[in-house]
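Please read the structure below before turning to the comments.
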Amino acid sequence: MNIIVCIKQVPDTNEVKIDKKTGTLIREGVPSIINPDDRNALEEALRLKDKYEDTKVTVLTMGPPQAKVALNEAFAMGADEAILLSDRAFAGADTWATSTTLAGAIKKMGDFDIIFCGRQAIDGDTAQVGPQIGEHLDLPQITYVEDLKLDGDNVVAHRAIEDGHYVIKSEMPVLLTAIGELNEPRYPSIKGIYEAFGEKEIKVWSLDDIIVDTNQIGLKGSPTQVKKSFTPATRSAGEILEGNNSDKVRNLIVRLKERQII
Ligand SMILES: Cc1cc2nc3c(=O)[nH]c(=O)nc-3n(C[C@H](O)[C@H](O)[C@H](O)COP(=O)(O)OP(=O)(O)OC[C@H]3O[C@@H](n4cnc5c(N)ncnc54)[C@H](O)[C@@H]3O)c2cc1C
């Protein structure tokens, strides 16, 4: 079985600060991590590899050269192959151009059974890239996966919804997106770390290595126009009215009158 896991290197949001003047993220000196949902996707792929012989797990990322750090961590967790898509032509991509580029690389990679993505990245936060890859490759897709089993040539996934879950069966090849409830990602092993910096080698692919329409990638291929970006103003804490219900209503009416709302 061939499993491809799309992982994105993101800034550790616990560490991110906003430049008050420009309203942009201060990225300098901010540690980067593998996007949390992508670690769950990778863990699930590695569990399938542990269970089913002849399973290969390939991690794929589009990003700058420093994204190799994320791929090395994936190697250390147990991934077999890693591909970094890095080319100036990919820069400035919105979700459409990102998913087009990733799908272009997957077309070049050949046969696969499962493409695993995280549900969403903690920086961009759109949750669009996984489903878009599925559409580009004309695959069935199951998002928000919180439990996964194989049944012959099918996957049986629990798809989380607000008040329960759907159980969905799909033939492979299939695209899945993982959520945190799916599993507890493993730590890299000593053997894995040794291999990551020894025999395993990250392949770096450029535009020439993938199958893609060049008008659909990078800034040129990005239909999204960012009009304005800003940090929402922090609001003061609300007030909780105490007392019995009639006291609360009386107080609420006083407050609303004070502010000339009623
Ligand atoms: C006009 C515009 C220009 C932009 N320019 C840049 C830029 O120059 N540089 C830049 O870094 N960002 C840029 N971005 C942001 C970039 O579009 C998003 O980071 C990217 O498309 C992923 O979207 P997301 O973070 O919402 O991911 P989501 O859709 O939330 O991610 C879902 C899943 O898709 C997979 N995934 C997402 N991105 C990648 C990736 N790169 N590699 C592998 N798997 C992935 C992961 O499995 C992830 O969990 C730009 C955005 C816009 C709108």
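The values are calculated or read from the model by the stated rules, or taken from the named source; none is laboratory data. As the structure is a computational prediction, the values presented were derived from the model and not from experiment. Reconstructed Cβ throughout: ideal geometry from the backbone, glycine too, with neighbour counts over all protein chains shown.
Quick notes
- Pick from the stretch 195-231, criterion among the acidic types (D, E) and under 16 Å from T101 (Cα atoms), ranking: surrounded by the most Cβ atoms within 10 Å (Cβ to Cβ): D209
- Taken over the stretch 171-193, residues that are under 20 Å from D113 (Cβ atoms) and either without any contact (Cβ under 8 Å) to a residue 12 or more places away in the chain or surrounded by fewer than 17 Cβ atoms within 10 Å (Cβ to Cβ) (or both) amount to 1.
- Criterion applied to G29, G63 was being over 20 Å from L175 (Cα atoms) and near the ligand (Cβ under 9 Å from one of its atoms), and the one residue passing it is G63.
- Verdict on S236 being within 16 Å of the ligand (Cβ to nearest atom), over 23 Å from D87 (Cβ atoms) and modelled with pLDDT under 90: no
- Test: residue in the stretch 232-245 that is surrounded by 10 or more Cβ atoms within 10 Å (Cβ to Cβ) and either out of contact with any helix residue (DSSP H, G or I) (no Cβ under 9 Å at 6 or more places or on another chain) or not in a loop (DSSP other than H, G, I, E, B) (or both): no
- Residue, surrounded by the fewest Cβ atoms within 10 Å (Cβ to Cβ), within the stretch 143-156, restricted to residues that are away from the ligand (no atom under 16 Å from the Cβ) and assigned to a strand (DSSP E or B): D151
- Where a residue in the stretch 129-141 is under 21 Å from T224 (Cα atoms) and its partner, wherever it lies, is of a type in the set (G, A, S) and more than 8 Å from the ligand (Cβ to nearest atom), with Cβ under 7 Å and at least six apart: I133/A103; H136/A103
- Only residues that are within 20 Å of T58 (Cα to Cα) and either touching a His at 6+ places or on another chain (Cβ under 6 Å) or near the ligand (Cβ under 6 Å from one of its atoms) (or both) were counted across the stretch 126-142, and they come to 2.
- Subset of the stretch 93-125 (residues that are small (G, A, S), at pLDDT 95 or above, near the ligand (Cβ under 8 Å from one of its atoms) and closer than 15 Å to T177 by Cβ): S99, G118, A121
- Restricting attention to the stretch 39-60, the residues that are of a type in the set (S, T, N, Q) and either over 17 Å from L176 (Cβ atoms) or away from the ligand (no atom under 14 Å from the Cβ) (or both) add up to 1.
- Residue count for the stretch 189-213 under the criterion of being assigned to a helix (DSSP H, G or I), within 25 Å of the chain's Cα centre (by Cα) and of a type in the set (A, V, I, L, M): the result is 3.
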